[in-house]
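Colleague: Let me give you the structure first, and then I'll get to my questions.
The values are calculated or read from the model by the stated rules, or taken from the named source; none is laboratory data. What you see is a predicted model, and the numbers here were worked out from it, not measured in a lab. Positions of Cβ are generated from backbone atoms using ideal geometry, with glycine treated the same way; all protein chains shown enter the neighbour counts.
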Amino acid sequence: MYYNARLQLLLKKINPSRISVMQKDGEIYKSWEEKGYFKPELHTNGNPYSIILPPPNANAPLHFGHAMYTVEDILIRYHRLLGDKTLWLPGADHAGFETQFVFEKKLLEKGKSRFDYDRETLYKMIWDFAAENRPVMENQLKRLGFSLDWSRSKFTLEEDIIKIVYKTFKKLYEDGLVYRAEKLVNYCTYDGTSFSDLEVIYEEKNSPLYYIKYGPLTLATTRPETKFGDTAVAVNPRDKRYKQYIGKEIEIETVFGKAKLKVIADDMVDPEFGTGVVKITPAHDFNDFEAGQRHNLPSVQVIGLDGKMNEKAGKLKGLYVKQARKAIVEEMQKKGLVEKIDESYINRIGVCYKCKNPIEPLPLEQWFIKMEPLAKYAIKAVKEGKLKIYPKNFEKLYFQFLENIRDWNISRQIVWGIRIPAWQNKKTREWKVTEGENPGDDYIQDNDTFDTWFSSGQWPYASLAATNSLEFYPTSVMETGYDILRWWVARMMMLGIYMTGKPPFKDILLHGLVNDPLGKKMSKSKGNVIDPIEIVEQYGADTVRFALVYGNATGNDQALSYTKLEAAKKFINKLRNIARFVVEMKPKTSSKEAAQRIEDIKVMKNLEKVTKDVTDALERYDFNFALNMLYEFIWHYFADVYIEQSKKRREEAQPYLEHILKTMLILLHPFMPFITEELYLQLPNHLESIMLEKWPKVKA
RNA sequence: GGGCUCGUAGCUCAGUUGGUUAGAGCGUUGCAUUGACAUUGCAAAGGUCAGAAGUUCGACUCUUCUCGGGCCCACCA
């Protein structure tokens, strides 16, 4: 029966399980690496071309965003084939707070906490933890086929990197761009560290609005527990209702008894909100802090770093903020000081981006970087066209961030990181910044470590310098997810220009996010995280790479698509069969002289066109278009038309078939490195590897 | 409140600087195929390109507005 015959045939051919393909990919990768193909020295005389891999966190396995680095591998392999002296430099980030956070969770499982260890022990433990996990991440990058020069791999906590980071800090300090000050900072009382503005996320939360009597006035607040820190009451200067009180002191009744409070006028007060009267608590609110400075108000801290009320809160001392709020409201209600409560009020609360607990604005002495002078140059570089951002619309985001930038708090109260090389004199309390050395017995080092992004912000320069590869600076392109444009790219621009006088890259290329198959953002809490390596094991690396590039415009988010994975699988099958037809089913003899028939002339013309189109598309980072051209040409022209035609005149066409197949494999290699190598090695007269081939020349 | 982005075939998405019959993958329908093809080939159906107005000889593409998703930023007590 026909059907059974088909089935038999099918079963006979059904391939090698996925595992053996994986093995094959692994072997191919290994041989490439062993032969040194990933090193720039492969083309010593070529033009330098370089990309710095955004260093993944050392402690964590890859997520699907990392698989998007396929785009970088495409560029790297393309330039290698062009004959450029090409470097793709890998690395690993210590990811300070993130890693410590994960590690603390692990400690918690064992019934321990960070407080059970001294600094050195904790650091050592996290070091081992990261060291243990780093190879996992690196192997995953290899499985995706990424042609990184592993001999140059760096880790952000290595001595030579730290030295460079210290140098930068000292230079900033000497140039007056780093200062130490007590300011209100974003502090997470659960994780015990401060953050920069970027690490705070805002969530809409129901926060009851309490209308409280302050002597003759009534004000509305969501934070009654901070009233012990009030040093004024503010109204709008144009608010007629309260004109009589401005500049005067009012007597208010508190849970402690009577007290006096100044009434100030400030434009920050919106007369429409609440009663138009606001309490000013400079020590616990960013707006109030500024108002306090404008009006010379004292600052009274009532909440400690532990998140508990301090002695200024009287008998509420020792209570956590939430408990204290409840207690004080009850107390005031007893005294009849609460006029009403708007229970349904919703406002935006800053929470820790990691543990999601409320961020407490607290006064703390920290190191800050003055950003404006640095931002100026980063803005200028892009405005003057020294480098371009792709896709272009992200330029706006870039400018928006840099033009409104505020000073950067780089102190973190964690141990996992680069300890700040600042030393304080025990007697004079003066600070000395060094390049790491202890200035003397009278000094003790700051306990804090740098914000991770301070060191990763120097990564292009630092990693190249530490690997003796500065000839590759500035790098050719910085390719990364748009979600870290502000956190990372903008900071690399600022610090890179500051330290070297040049932007650290010639182009910025941003890719979109990979969402779950339904288009929702992958997140642990939603439980929809898909492991890229699992998909690689299921479909193969080439398939995954194809699926991520095909049908997706540069910079756009995409949903992980199984139908695209299936399509990619079929395409690979097509390639295999084309190769089988051209190579295995070769005619015994073939013409020496190419017989230029009309279809041959046409196919060569089309080949030339597709080569040019693909090359142009790669030059403008239009990967989808390039891959589309190849797909169309290979399947619907080369296979469907030319090969079909050639069956009648096989001997004549054979030289063309081989030539076109080889050219296709080369053009496709950046996108699908494994299958192209595998098939290439089946061609007659092949080199040792497709990686040694040359990108076909495009006629101008 | 400000900004960005998307709304194109049943589904997921492309559409390069505005130019003739708007494309792909998957799906659907018909026919063919012991074929180099784990199938594939040929053909077909299917879109008022969210809606409205404008610029233009001509708009999916540019402008404005409306509706509806998504994301980001901002100090609302």
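Each row is one residue, and each column tells you yes or no for (1) hydroxyl-bearing (Ser, Thr, Tyr); (2) within 27 Å of A:Leu82 (Cα to Cα); (3) not in a helix (DSSP H, G or I).
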residue	(1), (2), (3)
A:Val603	no, yes, no
A:Asp616	no, yes, no
A:Tyr621	yes, yes, yes
A:Met629	no, yes, no
A:Glu632	no, yes, no
A:Tyr637	yes, yes, no
A:His659	no, yes, no
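Colleague: Taking segment A:343-355 as the region of interest, how many residues are within 11 Å of RNA strand B (Cβ to nearest atom) and surrounded by 14 or more Cβ atoms within 10 Å (Cβ to Cβ)? Steps first, answer last, please.
Modeller: So the first thing to find is which residues in segment A:343-355 are within 11 Å of RNA strand B (Cβ to nearest atom), and the list is A:345-350, A:353.
Next, from what is left, pick out any that are surrounded by 14 or more Cβ atoms within 10 Å (Cβ to Cβ): A:345, A:349-350, A:353.
Of the residues in that region, 4 qualify.
Colleague: Can you spot a residue in segment A:389-409 that is modelled with pLDDT of 90 or more and more than 16 Å from RNA strand B (Cβ to nearest atom)?
Modeller: no
Colleague: Just for strands (runs of 3 or more DSSP E) wholly inside segment A:211-281: which have at least 3 residues that are more than 28 Å from A:Val321 (Cβ to Cβ), in contact (Cβ under 8 Å) with a residue 12 or more places away in the chain and not acidic (Asp, Glu)?
Modeller: Working: elements: A:217-221, A:232-235, A:249-254, A:257-265, A:277-280.
Answer list for segment A:211-281: none.
Colleague: Right, something else. Across segment A:444-492, what is the total count of residues that are touching a residue at least 24 places away in the same chain (Cβ under 8 Å), away from RNA strand B (no atom under 16 Å from the Cβ) and touching a helix residue (DSSP H, G or I) at 6+ places or on another chain (Cβ under 9 Å)?
Modeller: Going through segment A:444-492, the residues touching a residue at least 24 places away in the same chain (Cβ under 8 Å) turn out to be A:445-467, A:469, A:471-492.
Narrowing the set further to residues that are away from RNA strand B (no atom under 16 Å from the Cβ) leaves A:445-450, A:452, A:454-467, A:469, A:471-479, A:492.
If we keep only those that are touching a helix residue (DSSP H, G or I) at 6+ places or on another chain (Cβ under 9 Å) as well, we get A:447, A:449-450, A:452, A:454-467, A:469, A:471-479, A:492.
Summing the residues that are touching a residue at least 24 places away in the same chain (Cβ under 8 Å), away from RNA strand B (no atom under 16 Å from the Cβ) and touching a helix residue (DSSP H, G or I) at 6+ places or on another chain (Cβ under 9 Å) in segment A:444-492 gives 29.
Colleague: Go through segment A:310-331 and give me each residue that's over 18 Å from A:Thr221 (Cα atoms) and among the aliphatic types (A, V, I, L, M).
Modeller: A:Leu316, A:Leu319
Colleague: Among (1) β-branched (Val, Ile, Thr); (2) touching a strand residue (DSSP E or B) at 6+ places or on another chain (Cβ under 8 Å); (3) assigned to a helix (DSSP H, G or I), there is one condition A:Thr554 misses while meeting the rest; what is its number?
Modeller: (3)
For (1) polar (S, T, N, Q); (2) without any contact (Cβ under 8 Å) to a residue 12 or more places away in the chain; (3) out of contact with any strand residue (DSSP E or B) (no Cβ under 6 Å at 6 or more places or on another chain), each residue gets a yes or a no:
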position	(1), (2), (3)
A:Met68	no, no, no
A:Ile74	no, no, yes
A:Pro90	no, no, yes
A:Thr99	yes, no, yes
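Colleague: Let me ask you something else. Which residues, counting only those in segment A:559-593, are within 17 Å of A:Tyr631 (Cβ to Cβ), near RNA strand B (Cβ under 6 Å from one of its atoms), outside any loop (DSSP other than H, G, I, E, B) and not charged (D, E, K, R)? So that I can check it myself, show each step before the final result.
Modeller: Residues of segment A:559-593 within 17 Å of A:Tyr631 (Cβ to Cβ): A:561, A:563-579.
Still in the list and also near RNA strand B (Cβ under 6 Å from one of its atoms): A:561, A:563-564, A:566-567, A:570, A:573-574, A:576-578.
Keeping just the survivors that are outside any loop (DSSP other than H, G, I, E, B) gives A:563-564, A:566-567, A:570, A:573-574, A:576-578.
Hits for segment A:559-593 are A:Thr563, A:Ala567, A:Asn573, A:Asn577, A:Ile578.
Colleague: State whether one or more residues within segment A:285-305 are buried (at least 22 other Cβ atoms within 10 Å of the Cβ), of a type outside the set (Gly, Ala, Ser), away from RNA strand B (no atom under 16 Å from the Cβ) and outside any loop (DSSP other than H, G, I, E, B).
Modeller: No - not one qualifying residue is present in segment A:285-305.
Colleague: Would you confirm whether any residue within segment A:215-223 is out of contact with any strand residue (DSSP E or B) (no Cβ under 8 Å at 6 or more places or on another chain), modelled with pLDDT of 90 or more and within 10 Å of RNA strand B (Cβ to nearest atom)? Working first, answer last.
Modeller: At the first step, the residues of segment A:215-223 found to be out of contact with any strand residue (DSSP E or B) (no Cβ under 8 Å at 6 or more places or on another chain) are A:223.
Still in the running and modelled with pLDDT of 90 or more: A:223.
Add one more test, that the residue is within 10 Å of RNA strand B (Cβ to nearest atom), and what stays is A:223.
Checked segment A:215-223: at least one residue is out of contact with any strand residue (DSSP E or B) (no Cβ under 8 Å at 6 or more places or on another chain), modelled with pLDDT of 90 or more and within 10 Å of RNA strand B (Cβ to nearest atom).
Colleague: Report yes if some residue within segment A:141-164 is assigned to a helix (DSSP H, G or I), crowded, with 20+ Cβ neighbours inside 10 Å and among the acidic types (Asp, Glu); otherwise report no.
Modeller: The answer is no, given that none of the residues of segment A:141-164 is assigned to a helix (DSSP H, G or I), crowded, with 20+ Cβ neighbours inside 10 Å and among the acidic types (Asp, Glu).
Colleague: Can I ask one more? Checking the structure you have, find out if any residue of segment A:613-632 is surrounded by 17 or more Cβ atoms within 10 Å (Cβ to Cβ) and more than 34 Å from the chain's Cα centre (by Cα).
Modeller: No, segment A:613-632 contains no residue that is surrounded by 17 or more Cβ atoms within 10 Å (Cβ to Cβ) and more than 34 Å from the chain's Cα centre (by Cα).
Colleague: Given the conditions (1) touching a Phe, Trp or Tyr at 6+ places or on another chain (Cβ under 6 Å); (2) surrounded by fewer than 24 Cβ atoms within 10 Å (Cβ to Cβ); (3) more than 24 Å from A:Met137 (Cβ to Cβ), report the number of the one that A:Lys85 does not fulfil.
Modeller: (1)
Colleague: In the set A:Lys183, A:Lys248, A:Lys243, which member is within 16 Å of RNA strand B (Cβ to nearest atom) and either over 30 Å from A:Tyr461 (Cα atoms) or in contact with a His (Cβ under 6 Å, 6 or more places away or on another chain) (or both)? Break it down into steps so the answer makes sense when it comes.
Modeller: Details: A:Lys248 fails: within 16 Å of RNA strand B (Cβ to nearest atom); A:Lys243 fails: within 16 Å of RNA strand B (Cβ to nearest atom).
Going through A:Lys183, A:Lys248, A:Lys243 in turn, the sole match is A:Lys183.
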